[in-house]
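Notes follow the structure.
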């Protein structure tokens, strides 16, 4: 029987990964993208795969003879094209669901450890994979972190542990997705323009648990019982946080010792002072990662060694240079107020804080309270200067629009014992391609400064 076409909506990493997988499986694939003009790389990649690209709109005629629609994470299920597909009885899924289906069809002993939450999920995903690799287990960090699961599967060994960061956008379109262990780290207001309410946002996040079976593990924070109350599925409950959980899980005691709790008892791991990643939030990330890695097969010694050696993700509160007792930290990934608040809380101060870039429309006033007792000086830069002056202008500050000049001023302001922190609370698009390029430029400037 002749199979119909599959329409992939969106030509980003996930969309192109899905198209490549389907084309190599012999399916008739069309990629449709709202952008009117694709980049040369995308055109060349689709041509190599003999995949048709439709640009600038999503014609409903593509649904004629269509077997399935695969949405990229950035494409909401409310898109009229997706709604029409559903009305015609055409299944609408996402790349995560497509990848999961293909992975389970292999029956090669691979498992999935899934991570969601508003903050910390990238670090927890990457750290979990690091712990598993320290235990010499085949593991890969993928998903919303950067490499789609559908791409990470290509060429992977049998019995691989896939540690998958799952965004709320990806979880909207799952059907049979199943994780042997799944964690929901936390929840703060985010993406409400898409999900509508905080309750709806939580419900989407909780879908990470819904297909679990009794041998699986469901990990939720002690500080937020909402996930545990809402979770469906049959996974065994585990908790993490700052008090000893009532059952399996992990916690940090008042002396800073991290503990793993399992059916055999309580096991000391490391002291938080031994972690290379700073802040209470990273202690929580480390606790969650230890539980997940243990369920994935890592032994205690490997977990301890991995926690001591994990350097952190690029552009996330990374120490990138020191001179004269002044340390410089790159948190270019701090593109919103919550992320910058986290970075401020993670460092002891005094701080010389670089703020600014492309404004996102939120008030910067909440930063003032977090900076009390920690602030040496603020440096405002980029397009957001007027808003920063309005919200934080009463605090000691210097204003320099160009990025390089602002960084030079911040480094010059630091004194012995200070931390110079780039955590802009803004997007990077006024002066850079993305936050990675901004962070790389900061680190280059710091290297020049530190080497003098």
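The values are calculated or read from the model by the stated rules, or taken from the named source; none is laboratory data. Please read all numbers here as calculations on a predicted model, not as lab measurements. So basically every Cβ, Gly included, is an ideal-geometry build from the backbone, and we count neighbours across all protein chains shown.
Okay, here's what the table says:
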| item | result |
| --- | --- |
| Test for residue 402: is it surrounded by fewer than 22 Cβ atoms within 10 Å (Cβ to Cβ) and more than 15 Å from residue 424 (Cβ to Cβ) | no |
| Residue 351 more than 24 Å from the chain's Cα centre (by Cα) and surrounded by 22 or more Cβ atoms within 10 Å (Cβ to Cβ) | yes |
| Some residue of region 59-76 being under 26 Å from the mean Cα position of the chain (by Cα), over 30 Å from residue 225 (Cα atoms) and assigned to a helix (DSSP H, G or I) | no |
| Hits in region 56-78 (condition: modelled with pLDDT of 95 or more and surrounded by 14 or more Cβ atoms within 10 Å (Cβ to Cβ)) | 58, 62, 63, 66, 68, 69, 70, 71 |
| Helices (runs of 4 or more DSSP H) contained entirely in region 160-245, each with at least 1 residues that are at pLDDT 90 or above and surrounded by fewer than 24 Cβ atoms within 10 Å (Cβ to Cβ) | 168-171, 198-205 |
| Selection count, region 267-284, where residues are within 16 Å of residue 298 (Cα to Cα) and loosely packed, with under 13 Cβ neighbours inside 10 Å | 1 |
| Candidates 131, 113, 127, 98 - the one that is modelled with pLDDT of 95 or more, within 14 Å of residue 17 (Cα to Cα) and not in a loop (DSSP other than H, G, I, E, B) | 98 |
| Unique residue being within 20 Å of residue 147 (Cα to Cα) and either in contact (Cβ under 8 Å) with a residue 24 or more places away in the chain or surrounded by 14 or more Cβ atoms within 10 Å (Cβ to Cβ) (or both) when the list is 14, 50 | 14 |
| Sole exception among (1) more than 15 Å from residue 294 (Cβ to Cβ); (2) in a helix (DSSP H, G or I) for residue 157, by number | (2) |
| Residue satisfying condition, being buried (at least 20 other Cβ atoms within 10 Å of the Cβ), assigned to a loop (DSSP other than H, G, I, E, B) and not assigned by TED's automatic domain parsing to the domain that holds residue 331, within set 289, 293, 298, 250 | 298 |
| Qualifying residues in region 1-24 (those that are at pLDDT 95 or above and part of a strand (DSSP E or B)) - the one farthest from residue 53 (Cα to Cα) | 6 |
| Test for residue 344: is it crowded, with 18+ Cβ neighbours inside 10 Å and either touching a strand residue (DSSP E or B) at 6+ places or on another chain (Cβ under 8 Å) or more than 25 Å from residue 312 (Cα to Cα) (or both) | yes |
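Rundown of residues vs (1) touching a helix residue (DSSP H, G or I) at 6+ places or on another chain (Cβ under 6 Å); (2) in the same structural domain as residue 239 (by TED's automatic domain parsing); (3) within 21 Å of residue 239 (Cα to Cα), yes/no style:
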{"site": "144", "(1), (2), (3)": "no, yes, no"}
{"site": "148", "(1), (2), (3)": "yes, yes, no"}
{"site": "158", "(1), (2), (3)": "no, yes, no"}
{"site": "161", "(1), (2), (3)": "yes, yes, no"}
{"site": "194", "(1), (2), (3)": "no, yes, no"}
{"site": "224", "(1), (2), (3)": "no, yes, yes"}
